[in-house]
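Peer 1: This is the structure, below, for whatever I ask next.
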Amino acid sequence: MERAKSCMSGEGETGTVLDSGALILYFPAPKTVTGEDLLELHLHGGTAIVRAVLAAIPRTSPSSSTGPSLPIRYAEPGEFTRRAFANARLDLTQVEALSDSLSATTEQQRRLSVRGTTNSLAARYESWRALLLAARGELEALIDFSEDQHFDASVSELLSSVSEQVGALSGALRAHRENAVRGELLRSGISLALLGAPNAGKSSLLNAVVGREAAIVSREEGTTRDVVEVGVDLGGFLVRLGDTAGLRRGVEGAEVGLVEREGMRRAKARAEESDVVVVVISFEVGEGGEVGVRLDPEVVETAARLAAEKDNVLVVINKMDVAPSSSDLETAIKATQTAIPGLPREKIHPISCKPSSQDPSTTPTSIQTFLRALIAQFTTLTTALTPDSDSSDPSIWQESLGATERHRLLLETCIACLDDFTALVSGAADADDSMLRESEGDEADIVLAAEHLRGAADALARITGRGEAGDVEEVLGVVFEKFCVGK
Ligand SMILES: Nc1nc2c(ncn2[C@@H]2O[C@H](COP(=O)(O)OP(=O)(O)O)[C@@H](O)[C@H]2O)c(=O)[nH]1
Ligand SMILES: [Mg+2]
């Protein structure tokens, strides 16, 4: 048996250092990661040592050496976290953030997941749910106890105060849902499409950005038929770059064939669903040696449509190195702005993908400048919105970026329930306050309105994974606290 030195530290955990250098830490429940008793064995990593220790554990039965051996087995995937959730050490939003932080590959993903590991997001859902429970409590009091003499608030006042609260909450939920979409850009990556005529330099730009030959660069037109996808970390943002087939309007002698047409269809579809579209146009040398910017109608029409619909278009004017003078560049910028109406000057970036002759391994300066603008655009896209109605510290809204796709779907359900509530209550108010008069049918309306609030609160409870049990008690608690019924 090895000699061991024991020590106590922190909140009761006991550490034992064995002479072989192994460290055994005992954490008593309930303030542990899983909420259960925990024993941590820190061993040297050799497989023989680990195997010997694992073989020794079943023989250390606490009862007697002849008693049943201590059952041990490997943990199931995620079992520690599952136990932590079961023992209320973590809520579902924290479990999700933990899984996100384990799979984070970029700085922005890491930051997003760290934000979610505190329980502030869950606390916010809980505070909204509490608000809904309180509102529902008030409505149920209206149904159950309206004849009670202690109930002195006017029915219509109460209803309008409840719908006012629901209205404000609904605004906050909508902003939160919008931020969840923005947060998803950090989590799953920002999708970016490169769009332009054949030979404009889309593949060259992709390679200059990625820093390796991901896409084939060729003077031959139509080398990219399908969308080439590359994932890249730009300024800490995960970006999914899509290099697409060139867009061009067919002309006599150079008609667009079936395969090329399909490539163009995919290119437009990819641009349509992208978060950011970079349109590549270029200076070209004409047959007579003249240099001018090439604006293919197929490219500019698509770009103008996307710019008007989504305002997510950036333009690069490539092959600046062949432009004879800076006035040619200014002419090119003006022509681009005419072709794509409403495109601000700062969204047009002259670049050259041609490597510098002094140091071909460095990214050309013009591309570095463009990348900085691109990263600024990513920052804007992923900054949390603060609802106008909310004058509190905007940093708390930053947290709502941590809301996942699962949260977003449940938020939709919650918002839909609140919309139903508002439609019912305002509909009734329009119908000459019929809901406020006390007949049986009106009571049914109030029951239904309370039911909508319950649906909304349940959706929030499903986000944190808490709250369904004891829901009735909570509602009753609100009723009794507010109206002192039954005293
Ligand atoms: N002079 C010059 N040539 C370029 C530049 N960018 C790309 N090219 C050339 O333009 C041709 C087409 O480029 P590529 O990237 O394949 O265009 P894509 O069809 O839009 O993907 C190739 O011969 C490239 O070497 C540039 O900035 N300056
Ligand atoms: Mg290409």
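Peer 1: Of the residues that sit in the stretch 66-125 and are of a type in the set (Ser, Thr, Tyr) and outside any helix (DSSP H, G or I), which one is surrounded by the most Cβ atoms within 10 Å (Cβ to Cβ)? Break it down into steps so the answer makes sense when it comes.
Peer 2: Initially, the stretch 66-125 is screened for residues of a type in the set (Ser, Thr, Tyr), giving 66, 69, 74, 81, 93, 99, 101, 103, 105-106, 113, 117-118, 120, 125.
Next, from what is left, pick out any that are outside any helix (DSSP H, G or I): 66, 69, 74, 105-106, 118.
Values: Thr66: 6, Ser69: 12, Tyr74: 7, Thr105: 11, Thr106: 20, Thr118: 14.
The residue in question is Thr106.
Peer 1: Cβ contacts < 8 Å: first residue closer than 15 Å to Trp128 by Cα, restricted to the stretch 401-417; second residue aliphatic (A, V, I, L, M) and in a loop (DSSP other than H, G, I, E, B), any location; separation 6+ or different chain. Result?
Peer 2: From the stretch 401-417, the pairs are Leu411/Ala403.
Peer 1: Is it the case that some residue within the stretch 318-327 is touching a residue at least 60 places away in the same chain (Cβ under 8 Å), part of a helix (DSSP H, G or I) and within 16 Å of ligand 1 (Cβ to nearest atom)? First the steps, then the outcome.
Peer 2: In the first step, residues of the stretch 318-327 are kept if they are touching a residue at least 60 places away in the same chain (Cβ under 8 Å); the result is 318-319.
Restricting the remaining residues to those that are part of a helix (DSSP H, G or I) gives none.
Checked against the condition, which is being touching a residue at least 60 places away in the same chain (Cβ under 8 Å), part of a helix (DSSP H, G or I) and within 16 Å of ligand 1 (Cβ to nearest atom), the stretch 318-327 yields no hits at all.
Peer 1: For the structure I just gave you, tell me whether Arg219 is buried (at least 16 other Cβ atoms within 10 Å of the Cβ), within 16 Å of ligand 2 (Cβ to nearest atom), over 28 Å from the mean Cα position of the chain (by Cα) and at pLDDT below 90.
Peer 2: Answer is no for this residue.
Peer 1: Would you check if there is a residue in the stretch 313-326 being surrounded by 13 or more Cβ atoms within 10 Å (Cβ to Cβ) and among the hydroxyl-bearing types (Ser, Thr, Tyr)?
Peer 2: Scanning the stretch 313-326, I find no residue that is surrounded by 13 or more Cβ atoms within 10 Å (Cβ to Cβ) and among the hydroxyl-bearing types (Ser, Thr, Tyr), so the answer is no.
Peer 1: Okay, next question. Taking only the stretch 238-265 into account, find how many residues are surrounded by fewer than 19 Cβ atoms within 10 Å (Cβ to Cβ) and touching a Phe, Trp or Tyr at 6+ places or on another chain (Cβ under 8 Å).
Peer 2: 0
Peer 1: Same structure, new question: Please specify each residue of the stretch 241-253 satisfying the condition of being touching a Lys or Arg at 6+ places or on another chain (Cβ under 8 Å) and outside any loop (DSSP other than H, G, I, E, B). Even if it seems obvious, please write down each step before you answer.
Peer 2: Initial filter on the stretch 241-253 (touching a Lys or Arg at 6+ places or on another chain (Cβ under 8 Å)): 242-247.
Of everything in the stretch 241-253, those that are touching a Lys or Arg at 6+ places or on another chain (Cβ under 8 Å) and outside any loop (DSSP other than H, G, I, E, B) turn out to be Gly242, Asp243.
Peer 1: Please enumerate the residues belonging to the stretch 130-145 that are over 18 Å from Leu460 (Cβ atoms) and of a type in the set (Gly, Ala, Ser).
Peer 2: Ala141, the sole residue that qualifies.
For every residue, the table says whether it meets (1) modelled with pLDDT under 85; (2) surrounded by 18 or more Cβ atoms within 10 Å (Cβ to Cβ).
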position	(1), (2)
Ser395	yes, no
Glu405	yes, no
Ala416	no, no
Ala423	no, no
Ile446	yes, yes
Arg462	yes, yes
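Peer 1: Right, next: With the condition kept exactly as written, say whether any residue in the stretch 266-288 is surrounded by fewer than 17 Cβ atoms within 10 Å (Cβ to Cβ), within 16 Å of ligand 2 (Cβ to nearest atom) and over 17 Å from Leu374 (Cβ atoms).
Peer 2: Checking the stretch 266-288: at least one residue is surrounded by fewer than 17 Cβ atoms within 10 Å (Cβ to Cβ), within 16 Å of ligand 2 (Cβ to nearest atom) and over 17 Å from Leu374 (Cβ atoms).
Peer 1: Let me ask something additional. Looking for something more than 16 Å from ligand 1 (Cβ to nearest atom), in contact with a Phe, Trp or Tyr (Cβ under 6 Å, 6 or more places away or on another chain) and modelled with pLDDT of 90 or more - is there at least one such residue anywhere in the stretch 227-237?
Peer 2: Yes, the stretch 227-237 has at least one match.
Peer 1: Taking the stretch 329-343 only, how many residues are crowded, with 18+ Cβ neighbours inside 10 Å and of a type in the set (Ser, Thr, Tyr)?
Peer 2: 1
Peer 1: Out of the stretch 291-335, which residues are of a type in the set (Ser, Thr, Tyr) and either modelled with pLDDT of 95 or more or touching a Lys or Arg at 6+ places or on another chain (Cβ under 9 Å) (or both)?
Peer 2: The one that is of a type in the set (Ser, Thr, Tyr) and either modelled with pLDDT of 95 or more or touching a Lys or Arg at 6+ places or on another chain (Cβ under 9 Å) (or both): Thr302.
Peer 1: Return yes or no: is Val276 more than 10 Å from ligand 1 (Cβ to nearest atom), at pLDDT 90 or above and within 20 Å of His349 (Cα to Cα)?
Peer 2: yes
Peer 1: Could you please let me know if Ala303 is in contact (Cβ under 8 Å) with a residue 40 or more places away in the chain, within 16 Å of ligand 2 (Cβ to nearest atom) and either in a helix (DSSP H, G or I) or not hydrophobic (A, V, I, L, M, F, W, C) (or both)?
Peer 2: no
The values are calculated or read from the model by the stated rules, or taken from the named source; none is laboratory data. Remember, it's a predicted structure, so these values are computed and weren't measured experimentally. All Cβ positions, even for glycine, are placed from backbone atoms using ideal geometry, and neighbour counts span all protein chains on display.
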